[in-house]
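These notes are about the structure you will find just below.
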Amino acid sequence: MFAFPKIHSFPPFYTQQQNSTVRENQLNEWGQLILAYCQHHRILTILPSGTAMATQEEAEIPPLFENKLIERSAAPEFRRSILNHLIHKLDRAQYVDPKQQDAGILIFWRTADEWARMLYEQIEKTGQTNSVLTVYELTQLDELAAGAEFRNMDYNMLARIVEVLVRQGKAQVLRSDDGLGRIEGVKML
């Protein structure tokens, strides 16, 4: 069970503060809370409401932007401010689709570079460099090519991680021919 920090029970935490210094601290606290919450529940993608879109676990997850015990919740506009801070100031999140911000937000409780390093090391360790692995093999098989950390990983998150490896010259991708260009296979170099 995730233990929310004490500030989660502090009513003013749910109202955007007017003083810029206090607001900056408040947004940083929310950012750290979101990262810890998502890491604990293995959530990789959330909606702007805070609802998990993609998680690697199946347990019931308590609401992120609400505390029923004190009958408080963050207003939608404040949630957007919090998530924008996480994206633009803390650089720990990205929109799944920047043109459709309601499509979801990838949460990097590990940075994309950390995830990429882990994926590459796992493929190297299992002797699968220079082999083409499908997205399914990387994220779904019981005998996971990429290891338990990548089990049930959201496609959008995996694609961002693979993009890092491609930029580093450590991977090549095979894309679909359907015009969407989705990653279908990955070859680690």
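Any read-out appearing in this document is the output of simple, stated calculations on the displayed coordinates, not a laboratory observation. What you see is a predicted model; the values in this text were computed from it and never measured. Every residue, glycine among them, receives a Cβ derived from its backbone with ideal geometry; neighbour counts consider all protein chains shown.
When residue 99 is tested against (1) in a loop (DSSP other than H, G, I, E, B); (2) crowded, with 16+ Cβ neighbours inside 10 Å, only condition (2) is not met. Scanning region 112-131 for residues that are in contact with a helix residue (DSSP H, G or I) (Cβ under 7 Å, 6 or more places away or on another chain) and polar (S, T, N, Q) gives a single hit, 129.
Out of region 9-52, which residues are of a type in the set (Lys, Arg) and under 25 Å from residue 112 (Cα atoms)? Give the steps one after another, and end with the answer.
To start, the set of residues in region 9-52 that are of a type in the set (Lys, Arg) comprises 23, 42.
Correct list: 42 only.
Taken together, 60, 71, 77 contain a single residue that is at positive phi and of a type in the set (Asp, Glu), which is 71. Applying the condition of being crowded, with 18+ Cβ neighbours inside 10 Å and of a type outside the set (A, V, I, L, M) to region 111-127 and asking which residue is nearest to residue 48 (Cα to Cα) yields 115. Screening region 164-186 for residues that are touching a residue at least 24 places away in the same chain (Cβ under 8 Å) and in a helix (DSSP H, G or I) and picking the one that is surrounded by the most Cβ atoms within 10 Å (Cβ to Cβ) gives 165.
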